[in-house]
There are 2 protein chains.
Amino acid sequence: MTILYPKTDDATFDMDYYTSSHMPMLAKALGDGCKGWGAARVTTDKHVAIGWVMIDSMETFNAAMGEHGAAIMGDVANYTNQQPEVILGEVTHGD
Amino acid sequence: MTILYPKTDDATFDMDYYTSSHMPMLAKALGDGCKGWGAARVTTDKHVAIGWVMIDSMETFNAAMGEHGAAIMGDVANYTNQQPEVILGEVTHGD
């Protein structure tokens, strides 16, 4: 899963909170199904930040979202005024 | 670096070629500065594929693009008719 945050003129984004609190919350919700995650401050012009998580299966993702999705989405306002764009995919290579 | 390929009605994308040939070409161009890479077939509706590379520095990226950028960009037509969107960022966490 990749999460993109658009850059707008009035975009706010707390990178410290995202890296030290929000993404660990997401990783914890995924449990052992989380095979790694990352976050980056975007330097190109269309986005303010990007996050990614390697998850072992869509079943793990769906189960975690069912149980913790509301809390995770509710936390977004604590670090940004932007709407995350979620991209899901089937990994063909990852190291 | 994250690379997104938009999904259009006439989008073509050869995932096998991307995973087994194009991305290894990019990783090889980055040399020891490549700290890992991945590729995924996107299942959400706006993109057809996504790739990513962890690079040790922008200097590595710029040097590799200066030397191999034309060949790498020239290879894109071998697996897709889409224009890649390149997103660069400074990683705050990655595992």
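The values are calculated or read from the model by the stated rules, or taken from the named source; none is laboratory data. Computed from a prediction, not measured in an experiment: that's the story for all the values here. Don't worry about glycine lacking a Cβ; one is built from the backbone with ideal geometry, like all the others, and counts go over all protein chains shown. Heavy atoms of the whole protein, side chains included, go into the accessibility calculation; ligands, DNA and RNA do not. Shrake-Rupley method; radii C 1.70, N 1.55, O 1.52, S 1.80 Å.
Computed over chain A, the per-residue total of -39500 (n - 2.57) for DSSP H runs of n ≥ 4 gives a 222 nm mean residue ellipticity of -8500 deg cm²/dmol, rounded to 500.
Label-to-label distances for A:Gly74 across copies, nearest first, come out at 5.6 nm, using points 7 Å from Cα in the beta-carbon direction.
Counting only aspartates and glutamates at least 8 places from A:Lys28 when in the same chain, those with an alpha carbon closer than 13 Å to its own are A:Glu67. Give the angle, between 0 and 90 degrees and rounded to the nearest 10, that separates the Cα long axis of helix A:58-75 from the longest principal axis of the Cα atoms of chain A. Roughly 30 degrees, rounded to the nearest 10.
For the protein assembly as shown, the fraction of 1.4 Å probe accessible surface lying on carbon and sulfur atoms is 50 percent. Surface calculation, 1.4 Å probe, protein heavy atoms: B:Lys46 sits at approximately 130 Å² accessible.
More than 19 Å apart: what percent of Cα pairs in the stretch B:3-54 qualify? Looking at the stretch B:3-54, the distances longer than 19 Å represent 29 percent of pairs. Average accessible surface for chain A: 51 Å² per residue, computed with a 1.4 Å probe over protein heavy atoms with every protein chain in place. Percent of C-alpha pairs per 5 Å bin in the stretch A:51-95, short distances first: 5, 16, 24, 27, 15, 11, 3.
Mean partner shielding of peptide A:33-42, defined as the number of other chain Cβ atoms within 10 Å of each residue Cβ, is 5.
Its residue count N sets the reference 2.2 N^0.38 Å, and the alpha-carbon radius of gyration of the protein assembly as shown equals 1.02 times that reference. List the distances, in nm and shortest first, from the label point of B:Thr12 to the matching label points in every other copy, placing each point 7 Å from Cα along the Cα-to-Cβ direction. Counterpart label points of B:Thr12 in the remaining copies fall at 4.8 nm.
Sorted largest first, the principal axis extents computed over the alpha-carbon atoms of chain B equal 37, 29, 19 Å. For peptide B:70-82, the mean count of partner chain Cβ atoms within 10 Å of a residue's Cβ comes to 0. Each other copy holds its own label point for A:Pro24; taking that point as 7 Å from Cα along Cα to Cβ, the gaps run 3.9 nm, nearest first.
Across peptide B:20-30, the mean count of Cβ atoms from other chains lying within 10 Å of each residue's own Cβ comes to 1.
With contacts taken as Cα pairs under 8 Å at a separation of at least 6 residues, chain B carries a relative contact order of 45 percent.
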